[in-house]
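Before any comments, here is the structure.
The values are calculated or read from the model by the stated rules, or taken from the named source; none is laboratory data. This is a predicted model, so every value here is computed, not measured. Cβ placement follows ideal geometry from the backbone for every residue including glycine, while neighbour counts extend to all protein chains displayed.
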Amino acid sequence: MPSTVSSEPNAQLTARLFFILTGLFIVFILFASLIPGGGPISPSESVIFKLKKLLFLKEMYLSHDLKNVDTFMLRDIAANVLLYIPLGLFLSSAVSLPKRRFFTPWLVLGTLISLLMENAQRYINRNPDLIDMITNTIGFLFGFWIVVFAMKFTGFTPATVIGLSDNDKASPKIRAVSAFRFMYISIYFLVSLLPFDISMSPSQIYSKLFADGAGQARIILDPFYHYQQWPQGVTVLFLVLLGLIPVAILTSFLDGLGKRLNPFSPIYVCLSLAMLSESAKIFILSRTSDIILFPIAILAGIAGWFMVKIWFLLQDGPDSHSQRSLVYRKKLLKTVLIIYGFAICLLAWAPYQFELTPKIVAHKILYQSNFVPFMAHFSYHDLSTALDLVKETGLFVPLGLLSAFLVFCYRPAFSRFKGFVLAGVGCFIFALLIELSQAVCLGRYVDVTDAILAGFGGILGNTLFNLFSTHITKTE
């Protein structure tokens with residue numbers, strides 16, 4: 001593999017862009033970590049003071065009450081790991097171009113930022129914690145190292161992902177998509193292990209066959225269990241499906257680039273991942289192992305294969321250069337955009353129970369809405385909250401991808417920067433309208449954070465278009 005920055009296509013520009021993303025994400029971490037809490041904090045509770053008591057780490061970890069799923073600290077462990085993974089991903093993509101090293105002075109940055117954030121929390125009435133610093137660092141190191149691994153052993157180049165690669169051949173895309181799949185599967189499996197309350201005790205594992213104190217099943221062997229919990233149970237199934245579909249899409253796209261597109265490969269990969277993650281959850285005291293994940297994995301594999309097949313037909317179908325094909329493509333893309341946008345609306349309006357009077361709706365918008373970005377999310381750390389940030393962003397990635405394809409059909413030479421702005425603003429406005437409409441729905445509220453995440457998802461989808469487009473679309 002090349003070992004110098006100059007040998008990488010657009011390496012300097014790529015490094016600068018990822019350094020900018022790293023800086024922006026540090027600002028995001030600052031905002032997330034320094035939202036004020038309640039209650040005064042003694043100077044003796046600072047992280048600096050706790051570092052002096054590192055020998056009591058076991059007692060501190062036990063204070064998180066890992067056997068009690070409902071404690072704040074246990075959920076906080078999972079959220080902290082996930083929060084710092086993108087920081088490691090961005091920084092590693094910026095600094096690993098010259099030399100792909102697992103151990104570098106840059107690794108200190110994640111620990112230093114976490115240390116500063118935790119120590120600063122004592123001044124805003126939040127409780128700093130050494131465990132938070134450790135779990136933040138774990139997330140940062142995991143993100144940093146999986147990028148290094150992908151660059152070292154798969155030939156992954158960050159420039160290909162953001163469309164800056166000078167090489168339009170299939171091989172750089174195959175490496176990039178393969179690395180993407182590896183990183184996604186790695187993070188998916190890490191989430192299965194959160195919040196690391198691992199036990200090998202046969203008695204504790206056996207106890208998971210029975211419901212916990214809150215009546216929640218922890219090993220679900222009934223495939224119809226979630227259907228009895230309508231509509232919350234079906235929503236859970238849908239979110240699980242969304243988590244596996246990217247694996248199926250990336251696998252099918254790799255098959256398509258190799259001219260061997262078929263549904264069996266994504267089904268096999270999704271089933272293998274489901275078996276691995278659900279087996280791991282058996283040993284995680286606070287997580288639920290669910291047999292329904294296996295049929296969902298099959299469904300995700302079929303759905304991913306079908307979407308990729310349509311994607312390739314749109315770009316490389318028969319007579320793809322003709323004007324007639326281009327008109328057909330535009331109509332189909334518009335139809336898919338409308339259908340997908342409507343599907344997002346249906347998800348946002350569930351369970352389809354509405355407020356009775358306009359007065360209640362107006363009161364919810366004025367007094368029960370959150371117009372301070374991320375305030376509602378970071379005032380309460382939770383694994384589900386962290387995953388909600390990912391879900392809200394991920395839902396709009398396909399919208400940005402399809403929008404980029406549609407714009408390309410009309411304007412092949414359209415500026416990439418203008419495309420980013422158009423996708424971000426368009427998805428933000430669409431999501432904001434959806435958020436306002438949620439004020440009409442019973443139990444739903446307006447949160448500007450979701451609209452901001454939607455805008456970021458649109459930009460991300462627009463960025464990925466160059467990775468997932470084929471060489472034929474570039475020559476029209």
| task | Evaluate region 421-433: report whether one residue or more is in contact (Cβ under 8 Å) with a residue 24 or more places away in the chain, within 24 Å of L17 (Cα to Cα), touching a Phe, Trp or Tyr at 6+ places or on another chain (Cβ under 8 Å) and not charged (D, E, K, R). | result | yes
| Looking at region 257-295, which of its residues are surrounded by 20 or more Cβ atoms within 10 Å (Cβ to Cβ), modelled with pLDDT of 80 or more and among the polar types (S, T, N, Q)? | S277, S289
| request: Filter region 410-426 down to the residues that are surrounded by fewer than 18 Cβ atoms within 10 Å (Cβ to Cβ) and part of a helix (DSSP H, G or I), then identify the one that is modelled with the highest pLDDT. | output: V425
| Close pairs from region 306-332: first at pLDDT 80 or above, partner loosely packed, with under 14 Cβ neighbours inside 10 Å and β-branched (V, I, T), Cβ under 8 Å, at least 6 apart | none
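Sort out which residues of region 91-105 are in contact (Cβ under 8 Å) with a residue 40 or more places away in the chain and under 10 Å from V148 (Cβ atoms), and write them in order of number. Let's see the steps before the verdict.
To start, the set of residues in region 91-105 that are in contact (Cβ under 8 Å) with a residue 40 or more places away in the chain comprises 91-102.
Once the filter is applied, which keeps residues that are in contact (Cβ under 8 Å) with a residue 40 or more places away in the chain and under 10 Å from V148 (Cβ atoms), region 91-105 yields S92, S93, V95, S96, K99, R100, R101, F102.
Please determine whether any residue of region 161-181 is farther than 30 Å from S415 by Cα, in contact with a helix residue (DSSP H, G or I) (Cβ under 7 Å, 6 or more places away or on another chain), modelled with pLDDT of 85 or more and not assigned by TED's automatic domain parsing to the domain that holds A280.
First pass over region 161-181, keeping only residues farther than 30 Å from S415 by Cα: none.
No, region 161-181 contains no residue that is farther than 30 Å from S415 by Cα, in contact with a helix residue (DSSP H, G or I) (Cβ under 7 Å, 6 or more places away or on another chain), modelled with pLDDT of 85 or more and not assigned by TED's automatic domain parsing to the domain that holds A280.
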| message | Between a residue in region 405-416 that is under 13 Å from N466 (Cα atoms) and any residue that is assigned to a loop (DSSP other than H, G, I, E, B) and aromatic (F, W, Y), which pairs come within a Cβ distance under 7 Å, given they are 6 or more apart or on different chains? | response | V407/F414; F408/F414
| query | If you scan region 278-295, which residues turn out to be assigned to a helix (DSSP H, G or I), in contact with a helix residue (DSSP H, G or I) (Cβ under 9 Å, 6 or more places away or on another chain) and farther than 17 Å from S199 by Cβ? | reply | L293, F294
